[in-house]
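What follows is a short report on a single structure.
Here, each number is a calculation from the coordinates, and none is a lab measurement. Predicted, not measured: the structure shown is a model, and the values here were computed from it. When we count neighbours, we look across all protein chains shown, and the Cβ atoms used for this are built from the backbone with ideal geometry, even at glycine.
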Amino acid sequence: MAEIHEGGCLCRNVRYRVAEQPNLAAVCHCTRCKRMTGSAFAIAAYFDEAAVQITSGVLKTYECRSDESKRWLKIEFWPNCGTTVTWTGEWAPRARGIAVGTFDDPNWIKPATHIFTRSALHWMAFPSDVQLVETQPQIDVGSFLSENFPPHVHGENCPECVAIADLSRLAICCEERDLHVLAPAGDRELFVQCLNPKCSKQAYVPKRS
């Protein structure tokens, strides 16, 4: 039976529960997260969207875009008390981030990574056992989708890719098909991410029928 954890906003009008462990837990020191939380940093835990259930209240949404990547972030908050509760991002649209401080017991989550440390406040002292990333991390989004089918760089000579996908449809951006990571995203779709640092586009494409 899955372990259930619950949380909610400051005034408790919004409540939620999650039914699994997070795929990723991190502390972000970017300027946007500081402003979003009104604090020195934001602590986020990311779950498969299907594992997160809003049990009461209807969250409002504010959409903004990254100054660097130009990708969208949809922040979900409760307007009465102003609590930011969850968010989704273009980089992983089927994952949902939860503000760790909104859990009834936040202690069950221990972030292993601090990102955008170049923007950290000057008095910040980092724990000795965490990974430090100066800017945006290269997150293995494919691991969100399947632990049993790790993503891989594919190409014309990869029989696994040829068997499950139409390679001509995987050139989703810069058209360098051998620079894409591929992972299953369900029975009928594949998740594809470009590894070209000048592109990094992500998409969901149909499997070969």
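Among K34, K74, the order by Cβ neighbours within 10 angstrom, fewest to most, reads K74, K34. Backbone amide hydrogens, once placed in the peptide plane, bring R71 within less than 5 Å of S66, excluding anything fewer than 5 places away on its chain. Note that segment 6-20 has calculated 3J(HN,Hα) couplings of 10, x, x, 7, 4, 8, 6, 6, 9, 10, 9, 9, 10, 10, 6 Hz, one per residue in order, obtained from phi through the Karplus relation 6.51 cos²θ - 1.76 cosθ + 1.60 (θ = phi - 60°); glycine and proline are x. Summary of the geometry: segment 108-133 and segment 35-58, compared by the centres of their Cα atoms, lie 19 Å apart.
Remark: segment 42-47, residue by residue, has Karplus-estimated 3J(HN,Hα) of 10, 10, 10, 10, 9, 10 Hz, where x stands for each Gly or Pro and the curve is 6.51 cos²θ - 1.76 cosθ + 1.60 at θ = phi - 60°.
Among the GluC sites (Glu not before Pro) in segment 1-31, those placed in a DSSP loop whose Cβ has at most 15 other Cβ atoms within 10 Å are E3, E20.
For Q131, the residues whose modelled amide H falls within less than 5 Å of its own, excluding neighbours fewer than 5 places apart on the same chain, are T113, H114.
Computed over every Cα-Cα pair of segment 1-129 and binned at 5 Å starting from 0, the pair-distance distribution P(r) comes out as 2, 10, 20, 25, 21, 14, 6, 1, 0 percent.
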